[in-house]
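Down below is the structure, laid out as structure tokens.
What follows draws every value from the coordinates through simple rules; no lab data is involved. Quick caveat: nothing in here was measured; it's all calculated off a predicted structure. Cβ atoms come from the backbone with ideal geometry, glycine included; neighbour counts cover every protein chain shown.
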Amino acid sequence: MGTGTVFARRAGQGRSRVGKWCLSLFFLPAALAAAPRVVSVGFTVSDLDRSVAFFTDVLDFRREGETVESQGDAFERLVGVFGARARTQRVCLVAECLDLTEYLAPAGRPVPADSRSNDRWFQHVAIVVSDMEAAYARVRAAGVQHVSTAPQRLPDWNPNAGGIVAFYFRDADGHNLELIWYPEGKGDSRWQSRARLFLGIDHTAIGVGDTDEALRFWRDGLGFTVTGESDNWGGEQERLNQVFGARLRITGLRGAAGMAVEFLEYLSPSDGRGPLADLAANDLAHWQIRVEVADAEAAARALRPAGGRWVSPGAVTLDDARLGFTRGALVRDGDGHGVLLSEP
């Protein structure tokens, strides 16, 4: 995390530069007919049934639709894995959804055991809670692996993050997840609800090596709008990320709809490792942000000058629409994070 995308939610809050950056809405890349929409976030799991049970039983997600089994030439080309056969189940928390995928063949590699929050392959989703004490008790009873020492209240001296309480943990496959609680005046107004314990997903955070370079891909290439930024450091931040001496530059972005994307650039320490060069979609460290665009082929081409790398050989047309789209392309940004470009 950082601040949990508290940026520019209310007039005068923080030190956002919305007036300047909202210009990107009016000068979208030619490949995009409209601002992009984040449909879902997906990641690869080793046991789909176990992962679905964790999200539904512990975190109160719901199953959405049927489990989809995919194979064949088109699917192989889309994900860049020869001989792929996979099962995917969507789970949703109110309005935001995760796509969990298990590769039956070929099996991929586990998340590197020594992964840290300042490694560039880091990614998480931030699940908003109405009661941190109760949510922390729920995940602790489920036996999750702590990343944070305990839930951390970020200090009041930080105008964007002060009063937010957050906790990092890992699921059984080593994927990073975050619980986050917003005080009054921070975050979206719907995060003030007390109707349920788990309220939705605010954002997905990704590790970046250089914020300005990442903006070339996400803002200039895809058309996301920067909504604000924050600098976070101090003991609470160190214990939250479990990185001693952590100082982060955090930048929040949004598309036309869906959860936000948050950049985490570690200004210190500088020992975080770069992208996993040979990361494949069947590896458990693989995440992908599904972004809906008007033309997946044109969008993929437009991202190459912005540091994008193709996984699919251009846009691929699937045999059916059970995954929620029929034409798409998987690409990676300059930090190695997967982006699944799909057409409506």
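When the trypsin sites (Lys or Arg not before Pro) in region 151-219 are filtered for DSSP coil states and for at most 13 other beta-carbon atoms within 10 Å of their beta-carbon, the remaining sites are Arg194, Arg196. Computed from the Cβ-Cβ distance with R0 of 35 Å, the FRET efficiency linking Ala134 to Arg87 stands at 0.60. Distance between the C-alpha centres of region 218-263 and region 272-344: 21 Å, rounded to the whole angstrom. Principal axis extents of the C-alpha atoms in region 103-159 (largest first, rounded to whole Å): 47, 27, 18. Working note: Debye formula, equal point scatterers on the alpha-carbon atoms of region 234-317, no solvent; log10 I(q)/I(0) at q = 0.14, 0.19, 0.23 Å⁻¹ is -0.74, -1.15, -1.30.
Fewest-first ordering of Val125, Val45 by other beta carbons within 10 Å of each residue's beta carbon gives Val125, Val45.
Computed over the alpha carbons of region 67-142, Rg followed by Dmax gives 16.6, 48 Å.
Computed from backbone phi, the HN-Hα couplings of region 191-205 come to 6, 8, 5, 10, 6, 8, 6, 9, 9, x, 10, 7, 7, 10, 9 Hz, rounded to whole numbers (Karplus: 6.51 cos²θ - 1.76 cosθ + 1.60, θ = phi - 60°; Gly and Pro given as x).
Tell me the relative contact order for region 153-237 as a rounded percent, counting alpha carbon contacts under 8 Å between residues six or more apart. Contact order relative to length: 22 percent. One compactness figure for region 121-244 is 1.09, namely its Cα radius of gyration divided by 2.2 N^0.38 Å.
Take every pair of alpha-carbon atoms less than 8 Å apart whose residues are at least six positions apart; their mean separation over the length of the chain yields a relative contact order of 25 percent. Once you keep just the Cα pairs under 8 angstrom separated by 6 or more residues, what percentage relative contact order results for region 212-323? Dividing the mean separation by the residue count of region 212-323 yields 22 percent. The residues Arg50, Arg116, when put in order of fewest to most other Cβ atoms within 10 Å, stand as Arg50, Arg116. Stretched out straight at 0.36 nm per residue, the stretch from Asp278 to Asp188 would grow longer than its current Cα-Cα span by 28.7 nm. Looking at the chain, the DSSP beta bridges with both ends there are about 75 percent antiparallel.
Going from the fewest other Cβ atoms within 10 Å to the most, the residues Phe169, Phe43 appear in the order Phe169, Phe43. Using the empirical formula 2.2 N^0.38 Å as the baseline, the Cα radius of gyration of the chain reaches a ratio of 0.92.
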